[in-house]
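First comes the structure, then the notes that go with it.
The values are calculated or read from the model by the stated rules, or taken from the named source; none is laboratory data. Quick caveat: nothing in here was measured; it's all calculated off a predicted structure. Reconstructed Cβ throughout: ideal geometry from the backbone, glycine too, with neighbour counts over all protein chains shown. Note: areas computed on protein heavy atoms with side chains; ligands, DNA, RNA excluded. Shrake-Rupley method; radii C 1.70, N 1.55, O 1.52, S 1.80 Å.
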Protein chains: 2
Amino acid sequence: MARVLTPRSEDFPRWYQDVIAKAELADNGPVRGTMVIRPAGYAIWERMQSDMDNRIKAAGAQNAYFPLFIPENYLRREAEHVEGFSPELAVVTHGGGKQLAEPIVVRPTSETVIGEFMAKWISSYRDLPLLLNQWANVVRWELRPRLFLRTSEFLWQEGHTAHASEADAHAYARGILHDVYEDFMRQMLAIPVVVGRKTVRERFAGATSTYTLEGMMGDAKALQMGTSHELGQNFAKAFDIVYSSAEGRQEHAWTTSWGTSTRMLGGLIMCHGDDNGLRVPPRIAPIQAHVMIVKADPAGDVVSAAAKLRDALRDAGIRVGFDDRVDTPFGRRAVDAELKGYPVRIEVGPRDLAEGNVVVVRRIPGTKTPTPVADAVSAVTAALEADQQALYDEALARRQSLTADVSSVDEAIEAAATGWARVPWAAVGTEGEAKANAEGVTVRCLTRADGSVPRSEDEPDLVAYLARAY
Amino acid sequence: MARVLTPRSEDFPRWYQDVIAKAELADNGPVRGTMVIRPAGYAIWERMQSDMDNRIKAAGAQNAYFPLFIPENYLRREAEHVEGFSPELAVVTHGGGKQLAEPIVVRPTSETVIGEFMAKWISSYRDLPLLLNQWANVVRWELRPRLFLRTSEFLWQEGHTAHASEADAHAYARGILHDVYEDFMRQMLAIPVVVGRKTVRERFAGATSTYTLEGMMGDAKALQMGTSHELGQNFAKAFDIVYSSAEGRQEHAWTTSWGTSTRMLGGLIMCHGDDNGLRVPPRIAPIQAHVMIVKADPAGDVVSAAAKLRDALRDAGIRVGFDDRVDTPFGRRAVDAELKGYPVRIEVGPRDLAEGNVVVVRRIPGTKTPTPVADAVSAVTAALEADQQALYDEALARRQSLTADVSSVDEAIEAAATGWARVPWAAVGTEGEAKANAEGVTVRCLTRADGSVPRSEDEPDLVAYLARAY
């Protein structure tokens, strides 16, 4: 087979670009830093959205939509927040053919505008918790854009909630972290994320706690796959989100926010892709089984067997693709199917069919098995289940083998050249963190020794994960 | 019952604003002309989206996502297009803390950027048709904004397709018009739209044919609910969308575009709402049946009967709401349920329950029927089906009774004071159209005498619908 992609070992970033182009996932937009998500990429995003949306609704949040445009002064109300975002803003100065009296910012996140409306909608403890989520585009100007990972415009969901107490806000932010995000990433994306707490230095602007989910990519770098924040009463104070308690006192609410984005698509590609292209986890795959006609026969038996199989798979609840473009050489179509990462393809050709067989090709283990037509549906069903797990196991094994336990910052920096380092936080501290940062290595998160997520970075015996990251 | 809303007959625009505020559907955003879609409104939009999205996919189109930001020069390539949009543009002049070398436009529609990428992706007749759709926000600066109907930012779907021949493009634009839009509006929204062709004056900038779906609102004004356009080869020529034909010739493609937006939410409110609030068609209602506890009893029988009924309704595939806020007076909750327009509510209280009954309240016919608990699910199921139809029939009867057949422009202008006018297009013409426009009356569309949609406005015996419109 001719070389279609740059091998990962040769140049991982180049391989990443190649996969995105050849699998037709995305393209650069005409304005620098923007992105076109092509149908093959968008179909994966739609499935992510749909599964995540169900989980968010199960967590009690309601979807809403807030405006793209935010008055510039809103961002100034929370001091840290504006510092965090001002270099990344896109500013509208003209509208309807005229210069605007006050410049308008294109939302980099909706914290501030949602804060404003929470203040309007909340008056009593009976209005709490207020649990909102929105699916939207946001803009953060990027100087070094990279498709899906770092684009000036990206798509995301942002949850924003207000609670009567710090304990409620904490419980909710952690519920989203584990029950929505972690479970989704493990179960659906097959990515064995490490879940922990960000250091003060890495915390979201205006938050009191930032929790993160970190995935290890194919080049052993880390990718932040999602975050959940407790904002304390910072935003409530900046935006006057006040409620009267059951005892009749005026209290500031406690707020949270949490988000995941199209960046997860980049994570999916970099975690599971191989030198032949994308490998999509079966549960998230828009096409789980791709029926391909190898070559048509004069009698039409191949086409009718393939169509029958497609219908049988569909009836079994499997998402099916169908390729009958027999005027395109089969080899080229097979390469394309590898690139696009369909978990299973079923090749239907005259020679195998004469023996009552089709060939079941599993993208993840890379097996090709002649299978009696009558057994095809059950073989595919079993393959999809097994290969979802196999992908997870493979990613977990890589993460484990490429994570080194070390005891100093210097060792951690060294280990981060080829993987992740796990090091006692006490041996790092803010000084060690600065030293690592100077070498391009960051503290991805802090966990407890048992892997659970700490309530504060001052807890004893915390473990820090250090790595290079996207 | 205290008066909650301004009656429609007194002040229809005020009634509309009242419904939106009291039913908690939307709010004005902080930047003039923008809108916050609140959870109760967004939930209806989500159901519209989901049903429409299935229809669009059944029509063969694939979803994709194109950037929010468009280089200003793109809009200049198609002369009529830029003229149509330039007074409505929002312009970004600063990004990442710097003035931009070239100003960027926030998309008012994605025609131009999608045209650019179609040109990249299409090379042979084998690549056609290319059928794309996107769900996105767009910005058109509004001087006189009105929630849902005319906002500076709105949400929509925009389809863009490229075809090998004019006949294919025509067939596709008309397929979307009838099989996707018309069917959705009649079947799901219960709005008996008139479907026709726009005059040259009302046509989309750059189109060769614009088809429209017009709904009659509660005040007899017209609302354009959606449009589908044939763009001829205009955009293909402006953006070099060229393919090599089976015969090896280089040909320009024929393109279409089509869109519907959050404006449909405004149409739903104004078509079906009454003086007590919203009335949501059962098929599109996020909550179809709302179980309400009138008053709890010490033994807890009411609560457990209500919960049982909720589960039984859910098991029957009905979307159920549940109101057990017994610390809020029942009267206030009932008013709220009327405002929000749940098609059916089921009141569960100790007195009725003692006789084995609950009260089934149907929002659309306005009936209240004590119903044996055992019959409640079947009563609700039957009510939902009947009331979907009743809403449609009511809207159709209104449209028919308020549409006058007249024979001159002057009569049409007069008739438009209280309804729609149907008049021979030959009696109007471009001159009559200008005269009507001067009086605030527009030609909503042209149809054939049998109601079908003409291929050209030069066909003989066309009928023009004239009306005041939103």
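Quick notes on this structure:
- The single residue among A:F148, A:F154 that is more than 9 Å from every other protein chain (Cβ to nearest Cβ), touching a helix residue (DSSP H, G or I) at 6+ places or on another chain (Cβ under 9 Å) and either open to solvent by less than 10 Å² (accessible area, probe 1.4 Å) or closer than 20 Å to A:Y211 by Cα (or both) turns out to be A:F148.
- Condition met for B:L223 (touching a residue at least 60 places away in the same chain (Cβ under 8 Å) and assigned to a strand (DSSP E or B)): yes
- Residue ID - farthest from the other protein chains (Cβ to nearest Cβ), chosen from residues in the stretch A:50-100 that are buried (at least 19 other Cβ atoms within 10 Å of the Cβ), assigned to a loop (DSSP other than H, G, I, E, B) and not acidic (D, E): A:A61
Here's the yes/no breakdown for (1) of a type in the set (K, R); (2) in the same structural domain as B:S165 (by TED's automatic domain parsing); (3) farther than 30 Å from A:K57 by Cβ:
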| site | (1), (2), (3) |
| --- | --- |
| B:P30 | no, yes, no |
| B:R55 | yes, yes, no |
| B:K98 | yes, yes, yes |
| B:N133 | no, yes, no |
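- Exactly one residue out of B:A426, B:A421 is open to solvent by 50 Å² or more (accessible area, probe 1.4 Å), small (G, A, S) and in contact (Cβ under 8 Å) with a residue 24 or more places away in the chain: that is B:A426.
- Selection within the stretch A:4-49 - of a type in the set (S, T, Y) and either assigned to a helix (DSSP H, G or I) or more than 14 Å from chain B (Cβ to nearest Cβ) (or both): A:T6, A:S9, A:Y16, A:Y42
- Under the condition of being aliphatic (A, V, I, L, M) and touching a helix residue (DSSP H, G or I) at 6+ places or on another chain (Cβ under 9 Å), the residues counted in the stretch B:82-113 number 6.
- For the stretch B:280-379, the strands (runs of 3 or more DSSP E) that sit wholly inside it and include 1 or more residues that are farther than 27 Å from A:R126 by Cβ and open to solvent by 50 Å² or more (accessible area, probe 1.4 Å) are B:357-362, B:367-372.
- Tally, over the stretch A:194-211, of residues that are at positive phi and open to solvent by 10 Å² or more (accessible area, probe 1.4 Å): 0
- Note on the stretch B:102-119: residues that are more than 10 Å from chain A (Cβ to nearest Cβ) and among the hydrophobic types (A, V, I, L, M, F, W, C) amount to 2.
- Residue within the stretch A:120-129 that is under 26 Å from B:W141 (Cα atoms), facing chain B (nearest Cβ under 9 Å) and either not polar (S, T, N, Q) or not in a strand (DSSP E or B) (or both) present: yes
- Annotation: of all residues in the stretch A:230-246 being at pLDDT 95 or above and part of a loop (DSSP other than H, G, I, E, B), the one that is most open to solvent (accessible area, probe 1.4 Å) is A:D240.
- For the residues B:S407, B:S401, B:S378, the requirement of being hydroxyl-bearing (S, T, Y) and touching a strand residue (DSSP E or B) at 6+ places or on another chain (Cβ under 9 Å) singles out B:S407.
- Residue list for the stretch B:130-160, restricted to those being over 18 Å from B:G267 (Cα atoms) and in a loop (DSSP other than H, G, I, E, B): B:R140, B:W141, B:E142, B:L143
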